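Chemist: Take this structure first; my questions come after.
The values are calculated or read from the model by the stated rules, or taken from the named source; none is laboratory data. As the structure is a prediction and not an experimental result, all values here were calculated from the model. We place every Cβ from the backbone using ideal geometry, glycine too, and count neighbours over all the protein chains shown. To get the accessible areas, we keep the full protein, side chains included, count just its heavy atoms, and leave off ligands, DNA and RNA. Shrake-Rupley method; radii C 1.70, N 1.55, O 1.52, S 1.80 Å.
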Amino acid sequence: MADRWALVVAVDKYLDPALNGVTYAEASARAVADALAGAGWPKANQILLFGQQATKTVLESRLGKLKKAVRRGDDLLVFVTGKGFSRGGAGYLACWDTQADDLTDTAAAVADLFAALNATKAARVTVLLDVGETPLPSNPVPADTLPQLDVDQLHALFDDSARAVCLMACAPDEESYAPAALKKSAWAHLVADALSGRTAKAADAGGRVTARSLHDFVGDELPRTLRKHFGASAVQTPQLYGACPADAILADVSGRVGGAENGFLLDPARLSRVVFRSESSGRVKDLTGFRKSFQMPTSATPSARKFIARLAAEDVKADLDEVFAAVREQVGYKRKDLDVSTGGDGAGTLRTPDFEYTVSAGLDPADPARVTWTREVGQFADPGFVRGPGFEAVFGKLFDQLVFEFAVPVDVSGLVDRLEDRLPKGVKIHVASDGTTCDVALAGFAGRVTVGKDTLTVRGRGADSAGLLDQFLAFLQTVGPLGEPAALPPRKKA
């Protein structure tokens, strides 16, 4: 029986600091690896090279092992996310130990990677590259070295191949966007959703996800995802190189796809993420990095967003430092328990044993003179932690939203029709004329619950995080059955 093998490579931070880093690269790779495991690519057959493990020597060694392990008729998939560049018409992928002053000799050549994969006995080879245009190191590099892979080489390698196909996150001269809210690249997020069966759109009529159907799905959904997180000016165009194996099956999700579509609204199979969130606005001129000599942005262009990210860097760090000190004092964490990271996208993250806190600053597309600050906390090891004194002491009434993000879209009109057929006492429903969103107000609560096709948001005026949770639980008890996630902590008795 044919087997499936996967090689997953990702680097957040490189040994040479001149290479900078790639925000959420390893998180993106983990999401895809987990989705592959559920799609029939066994964990035992996955080779994961993250961070310091992703050296050029180790990568070459593992490719050699795959050549011995992969048998005739097996499938082989490679996912690489990080930095890429080209020189003299040849593409290269940066490894953890790649050196800025010796790029080509210390990076993995795309041609060598293709040759190693082609040397295996695999019947089909699928390559997924989450590599976008990234700045080259500040120290001198040869004039013919570009911060992108070479298009002509990719076409030459894959277009005539009878076994290999390549999906790339974006065109070589574009950026692969990684929203702070997703904590992974937008492209990898959609790939993971497709392989895990969380959306029916990625599968063909038989419920199978192929390289071609995956590429078509991401191409359709990515613009919407980017507009949601970055505005209309963000452009990213997924690429497909090769044709012959493009219809090879990557995942059979016929028994899983849209599993929650006809089930409970908050079925765990539908949920993608749960976070407490707050949003506030400030002036660009008030950012610590702003100087009187700077010119104010006039529109939310990519360069303007990067400009704001640089200006907000000190403010983001100050915010993280404040929360870092507070959780150490109020919760009692040791220094080694906490991990703080910042990227070049105006965002930063504090990871603790109990939760993950993120702060980000982004240019307001409606008013380029203002900055939108978003703060989130989620990834709870124990959801009951939000009711503890430590969480209250650190965050107080900071958050005014409890947000449930859906991996499987909601039929809002159908939900409204069901509720209005037997409207519970004390419930008022306001629905948009196009049926895309509805607001549900409950007697006894000052806030409201808004249901859209992609999110359910609980808003409460003057409520703390536990109060938002109480309002949500009351919503479930009044409106249900919506399938309350078992992990949610119960309301404390008075």
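Chemist: So what is the relative contact order for region 1-59, in percent, with contacts set as C-alpha pairs under 8 Å and at least six apart? Working shown, then result.
Modeler: Values: 64 pairs, mean separation 28.5, N = 59.
It comes to 48 percent, rounded to a whole number.
Chemist: Let me ask something else. Given (1) 22.2; (2) 24.2; (3) 25.6 as candidate values of Kirkwood radius over Cα pairs in Å, which corresponds to the one derived from the coordinates?
Modeler: Given (1) 22.2; (2) 24.2; (3) 25.6, the calculated one carries the label (2).
Chemist: Sticking with this one: For Ser293 and Leu398, calculate 0.36 nm times their separation in residues minus their Cα-Cα distance, and state this gained length in nm to one decimal.
Modeler: Details: separation 105, 0.36 × 105 = 37.80 nm, distance 3.37 nm.
My answer for the length gained is 34.4 nm.
Chemist: Here is a follow-up. Share of antiparallel DSSP beta bridges in the chain, in percent to the nearest 5?
Modeler: 75 percent
Chemist: Further question: Residues of region 71-120: accessible area per residue at 1.4 Å, in Å²? Can you show the working numbers first?
Modeler: Details: 1720 Å² over 50 residues.
On a per-residue basis, 34 Å².
Chemist: Report the extension gain between Ala446 and Asp382 in nm, rounded to one decimal, defined as 0.36 nm multiplied by the number of residues separating them, less their alpha carbon distance. Show your work: numbers first, answer last.
Modeler: Values: separation 64, 0.36 × 64 = 23.04 nm, distance 2.73 nm.
The Ala446-Asp382 span can extend by a further 20.3 nm.
Chemist: Related question: Which value in nm describes the separation of the simple spin-label points at Asp159 and Ala366, placed 7 Å from the Cα toward the beta carbon?
Modeler: Those two pseudo-labels are separated by 4.6 nm.
Chemist: Sticking with this one: For region 283-322, which chymotrypsin sites (Phe, Trp or Tyr not before Pro) pass both filters: DSSP loop (anything but H, G, I, E, B) and at most 14 other C-beta atoms within 10 Å?
Modeler: Working: sites: Phe290, Phe294, Phe307; in loops: Phe290, Phe294.
Passing both the DSSP loop test and the Cβ count: Phe294.
Chemist: Once the dipole of the chain is set up with Lys and Arg at +1 and Asp and Glu at -1 on Cβ about the Cα centre, which of Pro409, His155, Leu48 lies farthest towards its positive end?
Modeler: Farthest towards the positive end: Pro409.
Chemist: Let me check the size of region 57-200 from its C-alpha atoms; what are the radius of gyration and Dmax in Å?
Modeler: Considering region 57-200 through its Cα atoms, Rg and Dmax are 15.8, 48 Å.
Chemist: First measure r as the distance between the Cβ atoms of Lys121 and Arg273, then evaluate 1/(1 + (r/R0)^6) with R0 = 41 Å and state the FRET efficiency to the nearest 0.05.
Modeler: Working: r = 40 Å, r/R0 = 0.97.
According to the calculation, E is roughly 0.55.
Chemist: In deg cm²/dmol and to the nearest 500, what is the mean residue ellipticity at 222 nm of the chain if only DSSP H runs of at least 4 residues count, each as -39500 (n - 2.57), divided by the residue total?
Modeler: Values: 12 runs with 141 residues, N = 494.
So the calculated ellipticity at 222 nm is -9000 deg cm²/dmol.
Chemist: Now for a separate question. At Lys428 and Ser61, where each label point lies 7 Å from the Cα along Cα→Cβ, what is the point-to-point distance in nanometres?
Modeler: Taking the simple label geometry, Lys428 and Ser61 are separated by 6.7 nm.
Chemist: Report, in debye and to the nearest 20, how large the dipole of region 81-126 comes out about its Cα centre when Lys and Arg carry +1 and Asp and Glu carry -1 on their Cβ. Please list the in-between numbers first.
Modeler: Numbers: 4 positive and 5 negative charges, 79 e Å.
Magnitude of the dipole: close to 380 debye.
Chemist: From Cα pairs below 8 angstrom and at least 6 apart in sequence, can you work out the relative contact order of the chain, rounded to a whole percent?
Modeler: Numbers: 1033 pairs, mean separation 55.7, N = 494.
Relative contact order, the chain: 11 percent.
Chemist: Another one. Quick one: accessible area per residue over region 283-388, 1.4 Å probe, rounded to a whole number of Å²?
Modeler: Working: 5460 Å² over 106 residues.
Computed with neighbouring chains in place, this is 51 Å² per residue.
Chemist: For a label point 7 Å from the Cα of Ile249 along Cα→C-beta, name the residues of region 206-223 whose backbone N is under 18 Å from it.
Modeler: Under cut-off, by backbone N: 206-215.
Chemist: Rg and Dmax of region 290-445, Cα atoms, in Å?
Modeler: 20.2, 62
Chemist: Along the positive direction of the dipole of the chain (beta-carbon charges: Lys, Arg +1; Asp, Glu -1; about the Cα centre), which of Val131, Ala200, Leu226 reaches farthest?
Modeler: Towards the positive end, the residue furthest out is Ala200.
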